[in-house]
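Beneath this line is the structure, given in structure tokens, with notes to follow.
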Amino acid sequence: MDVGAEEFEQLLPLLQELVLRADFVGLDIEFTGLRSTLSRPQQISLFDLPSEWYLKSRQSVQQFTICQIGLSVFSRVKGESNKYVSHSCNFFLFPTTFGILDSEFSFQASSVQFLNQYGFDYNKFLKNGIPYMNEEQERKIKHSILCGNWRVRSSLDKDQIKMVIDRVTRWLALAEEGDWMTLPGITGFQAFEVQLVLQQALPNIWTVPKDQGVTVKKVSKQHRWYLENTSCERERCWKEKILLSAKGFSVFFQMLVKAQKPLVGHNMLMDLLHLHEKFFRHLPESYDQFKLNIHHLFPILIDTKNVTKDIWKELNFPRVSNLSEVYEVLNSDLNPTKNSGPVIVHASECEKYAETKCPHEAAYDAFLCGSVLLKVAHLLLQRVHGSCSTPEPSFPQYLDVLAPYVNQVNLIRAGVPKINFSGPDFPSIRPPILILSVKRWPGVSEQQVYREFQNLCKFDIRRLTRSQFLLLTNKFKDARAILKEYRCHPDLQVSVYRYWRHSPNINCVLQVCGIISTWALVAFLLGRPGA
């Protein structure tokens, strides 16, 4: 089900009820871009500590925005044997443009092409996106509205606003006091905007929102003053409705946080960064503070990438490269629990994905995340209990066997493979750093070194000195291959990097200490009696 601004407010009560009844929620997000064009020292690297990775990624999150959020709400079917129903929705989002709020964001050409390849509806994103704001933006706009600052930067086109004002002005010239007219087809957030614009522009009207549009009534200036000063409760309620409409999807985000349901994603770290930035608060400079905030918002996170990566080889499943392939393997005869695992069905209003595969559509990927979670959890439960496994396992039992993976989110291209949101990060299990010493190749650059090794394997490269480079890969076999291949090379000598042996800082300190010791010895010898 695709949801834009026009449908969102009507669906909000239903969405709240679904989340409250849910066992867990699958999540996927599509962005206008992934990585900003950073200078080389700022690019993501295997050398990065998690805190360094976070600070670099924070810049990208602040530059791009969310264009689609997919949620798949999974609930156990009462009275059925291990059966779950999924309600999947695509939410098209667009930043709130109201009052002082007017966000800037970028598009990345490769991301646009990628989404376009999979049929993304950019018209719905740009023309009918659900507004949203974070808590800091909400405080600013709330203060502005409640203090009577009615200046509006409308999301309506200027020509549309002009047409509305012209139409009402022409009507006013012929109307008498007490007459009224209706502006049809203007509802939701735009209805509030139109009322604000008209009341600012025309002092002898009064507006009332109706289901079919906005009603405009001609009144005297005295009666207008009377209405403004005796309708305090109406005015307060109206302002609160304006704020509620301007918050848009952020209202549902707060419901999701309050429900405290397990949140499931696949490679979900960038999703969490965007959720924090767009709906909670601007990302803090502190990596540890970011982790604390996310854990407070979502106490139970499960990254299916982290789970499947850990167990895939043990189960002798074929190599996979994306979420769709993971789902296909678990849904095939290769899965020994295919016939005994949980049954997953789509809700009647969300049957689009029952027959149609829609990779990289956010709600479809969110559904795959939830399905993969249930199937993997059932596999793990069977491994623990074997044939004695309960015939109708509950979701809490699934969570128990998934406990080692809870709040462990996969980290791509960094010094550690995952982030622990409920405690300290685990130490690195990457291959050792290698050091390359170059001879008879003056002025060699990092790019030239990369090209030298690219046919053998892929490394991240960092210059250490004029003739030395650090090499790092995430595969032990690649590190072993390089050490073997270049063991006896006359010009390119590769060995395992040892900090105390190879660090320029340590070498400098040792050289200084050597010089000082030498001078001290000379002084001692020269100062001896009879010398």
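The values are calculated or read from the model by the stated rules, or taken from the named source; none is laboratory data. This one's a predicted model, so the numbers in the text were calculated from it and none came from an experiment. Every residue, glycine as well, gets a Cβ built from its backbone with ideal geometry; the counts of neighbours run over all protein chains shown. When the accessible area is computed, the model is the full protein with side chains, heavy atoms only, and any ligands, DNA or RNA have been set aside. Shrake-Rupley method; radii C 1.70, N 1.55, O 1.52, S 1.80 Å.
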Quick check on packing: order 320-332, 262-274 by the mean number of other C-beta atoms within 10 Å, highest mean leading. 262-274, 320-332
Could you sort ARG139, ARG462, ARG440 by accessible area so the largest value comes first, with the probe set to 1.4 Å? ARG440, ARG139, ARG462
Once the Cα atoms of helix 249-259 and of the chain are each reduced to a long axis, what angle between those two axes, in degrees from 0 to 90 to the nearest 10, is obtained? 70
Would you mind calculating the gained length between LYS83 and ILE412 on full extension (0.36 nm times residue separation, minus the Cα-Cα distance), in nm to one decimal? 115.1 nm
According to a simple spin-label model (label point 7 Å from Cα along Cα-to-Cβ), what is the distance in nm between ALA201 and THR465? 7.3
Please name which of SER245, GLY119, TRP225 has its Cα lying farthest along the dipole of the chain towards the positive end, using unit charges on Cβ (Lys, Arg +1; Asp, Glu -1) and the Cα centre as origin. GLY119
Solvent-accessible surface (1.4 angstrom probe) belonging to HIS295, in square angstrom, nearest 10: 60
For GLU446 paired with GLU136, estimate the spin-label separation in nm (one decimal), with each label point 7 Å from Cα along the Cα-to-Cβ line. 3.0
Hey, of (i) 19, 51, 27, 3, 0; (ii) 17, 37, 26, 17, 3; (iii) 18, 41, 27, 11, 3, 0, 0, which did the structure itself give for P(r) over Cα pairs in 20 Å bins from 0, in percent when calculated? (iii)
So the carbon and sulfur contribution to the accessible area of the chain, 1.4 Å probe, in percent, is 53
Report, in degrees rounded to the nearest 10, the 0 to 90 angle that the Cα long axis of helix 158-174 makes with the longest principal axis of the chain. 10
Hey, rough spin-label estimate for GLN212 and LYS484, points 7 angstrom out along Cα→Cβ, what's it come to in nanometres? 8.1
When each pair of different Cα atoms in region 382-501 is counted once in the 1/r mean, what is the Kirkwood radius in angstroms, to one decimal? 17.6
Computed for the chain: size of charge dipole around the Cα centre, +1 on C-beta of each Lys and Arg, -1 on C-beta of each Asp and Glu, debye to nearest 20, value 2060
Among GLN254, ALA414, SER495, which residue has its Cα furthest toward the positive end of the charge dipole of the chain, with +1 on Lys/Arg Cβ and -1 on Asp/Glu Cβ? SER495
Helix 232-247 against the longest principal axis of the chain: what's the angle in degrees, Cα atoms only, rounded to the nearest 10? 40
Extended-chain gain in nm, criterion 0.36 nm per residue less alpha-carbon gap, ILE515 and GLU9: 174.6 nm
Computed over the chain, protein heavy atoms only, probe 1.4 angstrom, the accessible area per residue in square angstrom equals 52
